Structure formats: C-alpha cells, structure tokens
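The values are calculated or read from the model by the stated rules, or taken from the named source; none is laboratory data. This structure is a prediction, so every number in the text was calculated from the model and none was measured. For neighbour counting, all protein chains shown are included, and Cβ atoms are generated from backbone atoms with ideal geometry for every residue, glycine included.
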Amino acid sequence: MAALARVPGPRGVVAIGGSEPVRVMALIGTTSRRDEADEHEKVDRLTGMEDRPDIVADLSLRSVRTPLWRRIVDAGMPAATLPIYTVRHGGALIDRSELLDRALEHLAGGVGMITIHPTATRAIIETALATRHVPWTSRGGGIVIRDMLARQDTGNAYLDILPDLVPAAVRAGATISIGATFRSATVLDADDRAQRMELDRQAEMARELAAAGCSVMIEGPGHAAPSSISRLARRMRRAGCPVMPLGPIPTDLAVGQDHVSAAIGATLLGLRGAAHVIAAVTREEHTGGVPGIEATVEAVRSSRVAARIIDLDRRGPTAEDRRIVEQRSANRTCVAGRRVPACSRCGVACPL
C-alpha cells in the first residue's frame, strides 16, 4: 500500500493515498491581466461548491502583488503551486536562487503542495527527441529543459536546490509532488522508452524524499490508451507513494470534451490502484482557450464522479450510496428527490 501524502491547509490536513478517499484538485491560474478577475472569482465559486474540490492549484504564469495562491489559502482551501511558473526565464536561463526563494515563499505562506520537475536528464531529452511525435508537453518541465539546453550541460535546476527545498517542505509539513516532464502528449507516445525512463527516476526520487522525511507524490502519465494505462499503472505503483494523474486522456479525439475523456482515464487508472488525487481537466484542455468559471466547475464535478467510482471499487459503498438505494426502494422511483412512483419519462411503463 502506498504511503500517505499530506497536504496541509488552513482548516486541517488533506490525507492522500492509502485507504483515504480519492481527492480532487481544481486547476486555476492567471496568464494575463485580462483574466485575473475571473481567476479570483473561480476561488469564490470553488469554495462555495457543495461538493468543492479538496485542493486548488494556482498555475499562474505571471507574478502579481497578491498571488492567487494566497487568496486560495485565505479562502480556507489547501493550495498547490508550481514555483517555476513565476520565476523569470531571461535568455531561457533559470536563476536558481530566485527559484528557491519562490518555493520557500510559497511554503512559508501556507501552500500545502508544490510541484517540481527534477527528473529531466540529457539522456531522456535525447530519447524523447529521437523517438516521439511530440517530445514533451509539460510547461514546467519544458522550462527546465530549455534551461538545460541553453547551458549545454546536464544540470537540472531543481536538483541544485533540493538540498535546501526538502528540509523546508519537511518543516512546513507540505508535500512535494514530482512532476511528469515527459508525460506523453499523444496516445501514440504513451508507455514509450522516455516515459519509462522518467517513471524510474520519479520512483527513485520519491523514495529518497520519503527517506528524508518528506511527504511526496508523483504525477503522470498524460495521454494514454487503455492498454497503456494498465501497464503504466504497474510502473507508477512501484514508487510506493500516491499518484496524481494528469488525465490520463485515453483518446486524442475528444477535443472540447476532455473533461469527459480525462474522467474516464482517471477511472481506468484508479481501478488499477494508481490514482489518489485527480487533477480536474477542463473541456478547454486542447482548444487553446482559457477555461471559464463554468468549465472549471464542470471539470471538478466530472473528476468527482471518477473519484466516486474508484472509491466504490476500493472502499465499497458509502452511507450516501446506501441512502440512494433505500430511497429508490421506499419511493419506487429512480428520480432523485422524488417521493412518489412514476415520472414523465416512463409514464405508465415505469418498471419500479
């Protein structure tokens, strides 16, 4: 059984993995001044949902005076961030000191989970370039790779700051999530040599962080057909820690409906024991548009359905499952909330 990860928030700790329920994480973030107000409104909507997400991730690509993650924390929600997104990348180079300072700022401010991309190596980069249709699709991982290529060496920026970052995460009780730089961008690239090489590194690093007393998760696997999902699940379980799927999206043909595709993929992965917190993918994933408020809420609801299906398999029926069954039996109707038999859809043909 995978070790637990713990994501602290203003109202307590969200436990992930083991026998805990599958969690759902909403994804928001600003890319320009034009969408800043909408992203702040998303925090309010997500916080007010009856079945709200367990974690909210700030994926902002620009620095602002009051970061979105701080608003998430102030709203009482556990927050997750990717520190590298708002670090300057002048000439494609990453300032290691700035990257560390940004990560430490997030931890000190109450962020409960940070995603890092320490797995890129020259060997995996060359393998991906030589064999894949799309070498990589991770934004954070791509920033790290550009830095490595610009410096013409094998040094990964995150490896340089880990000796200082890990103790800070341990002190804060926060989780470090090892991002999937080489998650597959198409179903045809899934479970290839580059992805397997990275999964091995993720598992090795997860064990090292856990040995240092750090709460840890791994991310992945991106796009993957059902047959690949089964094989990838076996590899991801070897890390011995919780998994946060990014998708997986099991078909490249669901553009505009990726909230459905990703929920199906997460369910397939979860039924194989490799989905412990689901990152809620929106219908805008491959449209080029910024997800609106309703699309973000819709993604959370779709992910929650996937989480409940996985939990039903892993943990058995809940009190809520039994309540619905008893209501249908007592009222002789399958219509939610109805207390008399029959409905307009079935009429006199109602089988109940």
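Tabulated results
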| quantity | calculated |
| --- | --- |
| Residue check for Gly76: crowded, with 18+ Cβ neighbours inside 10 Å and not aliphatic (A, V, I, L, M) | no |
| Criterion violated by Glu284 - all others in (1) more than 16 Å from Ile28 (Cα to Cα); (2) surrounded by 15 or more Cβ atoms within 10 Å (Cβ to Cβ); (3) among the charged types (D, E, K, R) satisfied | (1) |
| Residue in the stretch 53-62 that is surrounded by the fewest Cβ atoms within 10 Å (Cβ to Cβ), counting only those that are in contact with a Lys or Arg (Cβ under 9 Å, 6 or more places away or on another chain) and of a type outside the set (A, V, I, L, M, F, W, C) | Arg62 |
| Residues (assigned to a strand (DSSP E or B) and either within 23 Å of Lys42 (Cβ to Cβ) or at pLDDT below 95 (or both)) located in the stretch 75-121 | Ala79, Ala80, Thr81, Met113, Ile114, Thr115 |
| Restricting the stretch 140-170 to residues that are at pLDDT below 95, part of a helix (DSSP H, G or I) and among the acidic types (Asp, Glu), the residue that is farthest from Ala211 (Cα to Cα) | Asp147 |
| Count of residues meeting criterion [assigned to a helix (DSSP H, G or I), of a type in the set (Gly, Ala, Ser) and closer than 23 Å to Ser19 by Cα] in the stretch 294-331 | 5 |
| Search result, residues across the stretch 202-228 that are more than 19 Å from the chain's Cα centre (by Cα) and charged (D, E, K, R) | Glu204, Arg207, Glu208 |
| Residue within the stretch 185-206 that is on the phi > 0 side of the Ramachandran plot and touching a residue at least 60 places away in the same chain (Cβ under 8 Å) present | no |
| Every residue from the stretch 191-245 that is surrounded by 24 or more Cβ atoms within 10 Å (Cβ to Cβ), under 19 Å from Ile125 (Cα atoms) and among the small types (Gly, Ala, Ser) | Ala194, Gly220, Gly222 |
| Positions within the stretch 124-139 being closer than 17 Å to Asp189 by Cα, part of a helix (DSSP H, G or I) and touching a residue at least 24 places away in the same chain (Cβ under 8 Å), in sequence order | Ile124, Ile125, Thr127, Ala128, Thr131 |
| Lone unmet requirement of (1) on the phi > 0 side of the Ramachandran plot; (2) surrounded by 23 or more Cβ atoms within 10 Å (Cβ to Cβ) for Gly110 | (2) |
| Those residues of the stretch 279-301 which are among the aliphatic types (A, V, I, L, M) and in contact with an Asp or Glu (Cβ under 7 Å, 6 or more places away or on another chain), in sequence order | Val281, Val290, Ile293, Ala295 |
| Ser32, sole failed condition from (1) under 22 Å from Gly289 (Cβ atoms); (2) in contact with a helix residue (DSSP H, G or I) (Cβ under 8 Å, 6 or more places away or on another chain); (3) loosely packed, with under 14 Cβ neighbours inside 10 Å | (2) |
| Selection within the stretch 184-229 - among the small types (Gly, Ala, Ser), closer than 23 Å to Val170 by Cα and assigned to a helix (DSSP H, G or I) | Ala203, Ala206, Ala210, Ala211 |
| Total residues in the stretch 42-68, condition part of a helix (DSSP H, G or I) and more than 21 Å from Gly109 (Cα to Cα) | 2 |
